Each structure stands twice: as C-alpha cells, then as structure tokens.
C-alpha cells in the first residue's frame, strides 16, 4: 500500500481534480465515488495511510445531494430499560404498514426522525440540557398533528399524555466518546456526477481538510435540525438508533477547516 504525507496527498487530490471527468471504476457499485477515488489513490477502504499522524479518514460524497449521512449508531440511556423496543415501541408505536402482509397482524412500528429545531408530527423532539450534560428525547402531546388524533387516543389509554418519564437520553461524555472514534480527522471530497451511454463519470472538484472534532458544533447542528436522530423499530426487530447528518454540514463538526481544492 502507498504511504502519503498530508502534503503529498493534497498534491494527489489536485492532480485528480485536473483530470476532470473520470469514469466509475466500479460499474454498478453504489459507492462508486469513494471506490474510484480509492483506486486512483491506491488505497484500501477509506483509511488513509499517513504515518506519524493522528488517524485520518477519507469521506467522499456526491455534490448537491439531499441524502443523509449516518454518523454512528447508539441506543439511548438508561440502556438497561431497552428504551426503544420496551417503552417507545410498546407505548407510542402504531400499526406497521406491512402488518397482515409481510408481518403478522399485530406488528407495530416506531419510526421517527427527529431533531432539536422543531417537533415531529407525533410530538417528539430532541432537547439539549447543557446543565446536566444530556441530549434528551421529549414528547409534547400538544404538538401532535390532527391526522394522528386516533393514535394519540391510544397513547393516552396506554400511558397518558405527560412528558416521557424517565426521558431517554445520551450523556455528553458517551456521545463525545463515540464521535471521537467515528469522526476522525478527514479529507472530505465531493464530486459532480454525469452519465453518458450508461456509464457514470465523476469530477472531483471540492476537497476540504477537516481536523479536530468539535462537540459544541455537534450540539449546535442538532439544535439547528442538521443532525437528526433516527429511530427504526418494529415488533420483530429494532434496527437501531442512528445519528444522521444533512449534506454539506460535515465541516461544521470540526475546529479546523481548510480548502484543498
């Protein structure tokens, strides 16, 4: 495997950018942008071989896309309760759209994507308690949309309409530890895409060097609605709780941002 200094790697990115449109090296592969870039650099996966430096990662994404990036998976505390399947799904869940078809008649679902900027149409929202260093999940029945009135009646019968008690949460320290291992220093590469004669081509036109994860920036993006908490549980399986990021917001999570291209 090739070894790079940061300076040499930057020169490689600049050379690649000058090549203009480059054909997808992995035809039919959904991760073609990253795979093609790895092939051009002569590296494996997205870990950059830079000796004598903190760990570096290569992140590549399509320019001007609305898709979300998964930052990491982490279940809320208190974890002994298994909050998502045992509390949220059982007390606040609703009939799964595939109940009686793909699944049994009584299959329930709890799928919510929420953030700290405004409540979801079922009244769930992220709240940040800086004094107690917690990211909390809150429920406010007055924010539930009229279309969910029947569901709200069921919630009232099961558990009442007061705030979640206890409230599921993530401690700042737990999140910072998770992010410290997942959100490494990285080169963030974005590419334009075009298709010609059934083939896909990439133009690697924007590269940022991102260093030192900034936890305050993470909290700010949660409050702005740029980081979302995604619950995806059904009776038969909890697919896990994810923190996901809107495109173009990744640089806001780092202390140092330097444009390479």
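Numbers at a glance
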{"read-out": "Tabulated pairs, region 63-74, first touching a residue at least 12 places away in the same chain (Cβ under 8 Å), second in a loop (DSSP other than H, G, I, E, B) and surrounded by 14 or more Cβ atoms within 10 Å (Cβ to Cβ), C-beta under 6 angstrom, 6+ apart or interchain", "value": "65/247; 73/240"}
{"read-out": "Qualifying residue in region 237-260 (condition: free of Cβ contacts under 8 Å to residues at least 40 places away in the same chain, more than 30 Å from residue 15 (Cα to Cα) and assigned to a loop (DSSP other than H, G, I, E, B))", "value": "yes"}
{"read-out": "Test: residue in region 189-200 that is surrounded by fewer than 16 Cβ atoms within 10 Å (Cβ to Cβ) and under 30 Å from residue 76 (Cα atoms)", "value": "no"}
{"read-out": "Residue check for residue 36: within 22 Å of residue 227 (Cβ to Cβ) and in contact (Cβ under 8 Å) with a residue 40 or more places away in the chain", "value": "no"}
{"read-out": "Positions within region 112-136 being within 16 Å of residue 245 (Cα to Cα) and without any contact (Cβ under 8 Å) to a residue 12 or more places away in the chain, in sequence order", "value": "none"}
{"read-out": "Restricting region 1-32 to residues that are buried (at least 18 other Cβ atoms within 10 Å of the Cβ) and modelled with pLDDT under 90, the residue that is nearest to residue 213 (Cα to Cα)", "value": "4"}
{"read-out": "Residue identified as farther than 16 Å from residue 233 by Cβ and touching a helix residue (DSSP H, G or I) at 6+ places or on another chain (Cβ under 8 Å) among 40, 68, 3", "value": "40"}
{"read-out": "Conditions (1) in contact with a strand residue (DSSP E or B) (Cβ under 7 Å, 6 or more places away or on another chain); (2) outside any strand (DSSP E or B); number of the one not met by residue 135", "value": "(2)"}
{"read-out": "Selection from region 1-33 of residues that are without any contact (Cβ under 8 Å) to a residue 24 or more places away in the chain and either over 26 Å from residue 198 (Cα atoms) or part of a helix (DSSP H, G or I) (or both)", "value": "7, 8, 11, 15, 18"}
{"read-out": "Among (1) assigned to a helix (DSSP H, G or I); (2) more than 23 Å from residue 81 (Cα to Cα); (3) in contact with a strand residue (DSSP E or B) (Cβ under 7 Å, 6 or more places away or on another chain), the one test that residue 191 misses", "value": "(1)"}
{"read-out": "Condition broken by residue 250, with the remaining ones in (1) in contact with a helix residue (DSSP H, G or I) (Cβ under 9 Å, 6 or more places away or on another chain); (2) buried (at least 20 other Cβ atoms within 10 Å of the Cβ); (3) under 25 Å from residue 134 (Cα atoms) satisfied", "value": "(1)"}
{"read-out": "Complete set of residues in region 113-124 that are surrounded by fewer than 20 Cβ atoms within 10 Å (Cβ to Cβ) and assigned to a strand (DSSP E or B)", "value": "113"}
{"read-out": "Residue match in region 151-170 (condition: in a strand (DSSP E or B), touching a strand residue (DSSP E or B) at 6+ places or on another chain (Cβ under 7 Å) and more than 19 Å from residue 80 (Cβ to Cβ))", "value": "no"}
{"read-out": "Test: residue in region 96-104 that is without any contact (Cβ under 8 Å) to a residue 24 or more places away in the chain and surrounded by 15 or more Cβ atoms within 10 Å (Cβ to Cβ)", "value": "yes"}
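Conditions tested, residue by residue: (1) part of a helix (DSSP H, G or I); (2) out of contact with any strand residue (DSSP E or B) (no Cβ under 8 Å at 6 or more places or on another chain); (3) at pLDDT 95 or above.
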site: 181; (1), (2), (3): yes, yes, no
site: 186; (1), (2), (3): no, no, no
site: 205; (1), (2), (3): no, no, yes
site: 208; (1), (2), (3): no, no, yes
site: 211; (1), (2), (3): no, no, no
site: 218; (1), (2), (3): yes, no, yes
site: 221; (1), (2), (3): yes, no, yes
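The values are calculated or read from the model by the stated rules, or taken from the named source; none is laboratory data. Keep in mind the model is a prediction, meaning the values are calculated, not measured. Positions of Cβ are generated from backbone atoms using ideal geometry, with glycine treated the same way; all protein chains shown enter the neighbour counts.
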